[in-house]
Amino acid sequence: MTASIHVAAAAILDARGRVLIARRAPDVPQGGLWEFPGGKREPGESVEQALHRELDEELGIGVEHARPLIRIRHAYPDRAVLLDVWRVDRYRGAPSGREGQPLEWVLPQDLGARAFPAADRPVLTALHLPDRYLITPEPGPDAARFLDTLERRVASGAALVQLRARSQAPDRFRWLAAEALERCRRHGARLLINGPADLARELAVDGVHLTAHALGSLSARPLPEGYWVGASCHDAAELARAAHLGVDFAVLSPVRSTPSHPDARALGWEEFAKRVDPAPFPVYALGGVGPRDLESAFRHGAQGIAAIRGLWGGA
């Protein structure tokens with residue numbers, strides 16, 4: 001039976017949005033790889049206590065504000081690891097490698113160029129994703145109004161958008177996707193389509209979002225690395241299926257009952273947390289949630305919130 005280690009780790013961000021990483025000593029397991037500062041939680045410590053202690057010992061800083069980012073369970077040949085990563089965006093002092101470890105500040109989008117232990121890879125994804133995932137409502141007949149509203153949302157900070165337009169004919173969907181992409185590019189937002197992978201390639205959007213039906217019908221990831229692949233999940237089996245396909249992230253719903261799905265049983269936050277805990281990728285909370293629920297989402301293991309009404313709002 002392999003030993004199990006609970007590690008408290010920190011994704012420390014500076015004012016420029018860069019993340020602090022440290023290089024492991026060459027004479028330790030996985031030596032020479034980059035990692036997020038932190039260490040093993042001692043008996044009797046909470047994760048937060050371990051985080052504060054480790055960052056003081058390793059870097060000489062005091063944590064002033066931190067919140068959960070992601071928990072990852074990973075089995076190496078000789079041990080199992082629970083990597084409990086917190087996002088630290090306010091601290092006292094200037095980080096230095098007090099144990100002789102090299103440090104480097106790296107933008108989230110550049111982390112993939114560094115070599116990390118396998119357990120750390122989903123952390124890179126979590127750092128690259130925003131905490132809000134905007135899902136568009138069905139466009140309706142007034143496409144100009146729909147696109148104007150989309151532009152206002154991305155201009156005001158919506159950084160990840162799913163175009164959900166299932167009622168549209170293929171040619172109109174293609175046109176809408178191209179128009180939506182232009183507006184997202186204008187404001188630095190990423191666009192995923194809830195549609196065919198071939199169309200995502202054709203239009204050079206950022207990726208696809210798979211319905212639960214599509215998730216069950218695929219035998220392999222529909223797009224290569226470099227595209228984002230998200231998935232809609234409602235239970236543990238669908239989350240496991242998403243992991244098998246190698247998606248980048250998922251949404252799990254419904255957290256609460258919604259008018260659009262009044263007969264769907266709401267998970268509630270505690271059940272949401274139980275289902276998300278084994279997932280090897282970031283998971284957004286969906287269903288009756290909005291920006292006011294972000295702190296609850298973080299505390300229960302979510303990347304953040306995904307929403308239509310809660311983020312699209314009135315036109």
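Observations
- Available extension along the chain between Leu203 and Arg152 is 16.2 nm, counting 0.36 nm per residue and deducting the alpha carbon span.
- Separation in nanometres of the label points that stand 7 Å from Cα toward Cβ, at Glu270 and Ala236: 1.6 nm
- The local environment of Ile135, defined by Cβ-Cβ distances under 13 Å, has a net charge of +4 under the rule Lys, Arg +1 and Asp, Glu -1.
- For Leu160, distant residues with modelled amide H under 5 Å away: Leu134, Arg190
- Overall form of the stretch 275-315 per C-alpha gyration tensor (a/c, 1.5; a/b vs b/c): prolate
- Reciprocal mean inverse distance between Cα atoms of the stretch 186-272 - Kirkwood radius, Å: 14.0 Å
- Rounded to the nearest 10 Å², the accessible area of Asp142 at probe 1.4 Å: 80 Å²
- Against the set (1) 66, 42, 41; (2) 62, 40, 35; (3) 71, 63, 31, the structure's computed Cα extents along the principal axes in Å falls on (2).
- Cα centroid separation - the stretch 110-128 against the stretch 1-52, whole Å: 13 Å
- Antiparallel bridges, percent of DSSP beta bridges restricted to the stretch 1-129 (to nearest 5): 70 percent
- The chain: angle of helix 170-186 to the longest principal axis, Cα-based, in degrees nearest 10: 50 degrees
- Per-residue ³J(HN,Hα) for the stretch 188-205, Karplus 6.51 cos²θ - 1.76 cosθ + 1.60, θ = phi - 60°, Hz, x for Gly and Pro: x, 8, 9, 10, 10, 9, 8, x, x, 5, 4, 5, 4, 5, 4, 8, 6, 6
- Computed FRET value (nearest 0.05) for Glu225 with Ala94, which takes r as the C-beta separation and R₀ as 51 Å: 0.90
- Each 10 Å bin from 0 upward holds the following percent of the Cα-Cα pairs of the stretch 44-110: 17, 41, 37, 4.
- Debye-formula intensities of the stretch 1-82, expressed as log10 I(q)/I(0) at q = 0.25 Å⁻¹, are -1.45 (one equal scatterer per alpha-carbon, no solvent).
- For the chain, calculated [θ]222 nm from helices alone, where every DSSP H run of n ≥ 4 adds -39500 (n - 2.57): -8500 deg cm²/dmol
- Loop-resident GluC sites (Glu not before Pro) (DSSP state other than H, G, I, E or B) in the stretch 32-114 with no more than 12 further Cβ atoms inside 10 Å of their Cβ: Glu99.
- Across the accessible surface of the chain, with the other protein chains kept in place and a 1.4 Å probe, carbon and sulfur atoms take up 51 percent.
- Exposed loop positions in the chain were taken to be trypsin sites (Lys or Arg not before Pro) whose DSSP state is not H, G, I, E or B and which have at most 11 other beta-carbon atoms within 10 angstrom. Between these positions, the longest stretch is 17-165.
- For the residues Asp148, Asp198, a 1.4 Å probe over the protein chains yields an accessible-area ranking, largest first, of Asp198, Asp148.
- When every Cα-Cα distance of the stretch 110-164 is counted in 10 angstrom steps from zero, the calculated P(r) takes the values 20, 36, 23, 16, 6 percent.
- Spin-label zone in the stretch 74-90 - amide nitrogen under 20 Å from a point set 7 Å from the Cα of Glu45 along the C-beta vector: 74, 79-90
- Integer Hz, Karplus 6.51/-1.76/1.60 couplings in order for the stretch 106-120, x for Gly and Pro: 9, 5, x, 6, 9, 5, x, 7, 9, 8, 10, x, 4, 5, 7
- Residue-by-residue Karplus 3J(HN,Hα) for the stretch 148-165, coefficients 6.51, -1.76, 1.60, Hz, glycine and proline x: 5, 5, 4, 5, 5, 5, 6, 5, 8, x, 5, 9, 9, 10, 10, 7, 10, 9
- Largest first, the residues Ser257, Ser232 sort by 1.4 Å accessible area into Ser257, Ser232.
- Calculated on C-alpha atoms, the gyration radius of the stretch 89-247 divided by its Kirkwood radius gives an Rg/Rh of 1.04.
- Pairwise centroid distance, computed over Cα atoms, of the stretch 232-253 with the stretch 268-314, Å: 14 Å
- For Tyr284, Tyr227, the ranking by accessible surface with the largest value first comes to Tyr227, Tyr284, using a 1.4 Å probe.
- Net lengthening on full extension, Arg79/Asp56 (0.36 nm per residue, minus Cα-Cα): 5.7 nm
- Here the extension length gained between Ala25 and Ala118 equals 31.8 nm, from 0.36 nm per residue of separation less the Cα-Cα distance.
- Counting only protein heavy atoms and using a 1.4 Å probe, the accessible area of Thr125 comes to about 30 Å².
The values are calculated or read from the model by the stated rules, or taken from the named source; none is laboratory data. In this text, all values refer to a predicted model and were calculated from it rather than measured experimentally. All Cβ positions, even for glycine, are placed from backbone atoms using ideal geometry, and neighbour counts span all protein chains on display. Accessible surface areas use protein heavy atoms only, side chains included; no ligands, DNA or RNA. Shrake-Rupley method; radii C 1.70, N 1.55, O 1.52, S 1.80 Å.
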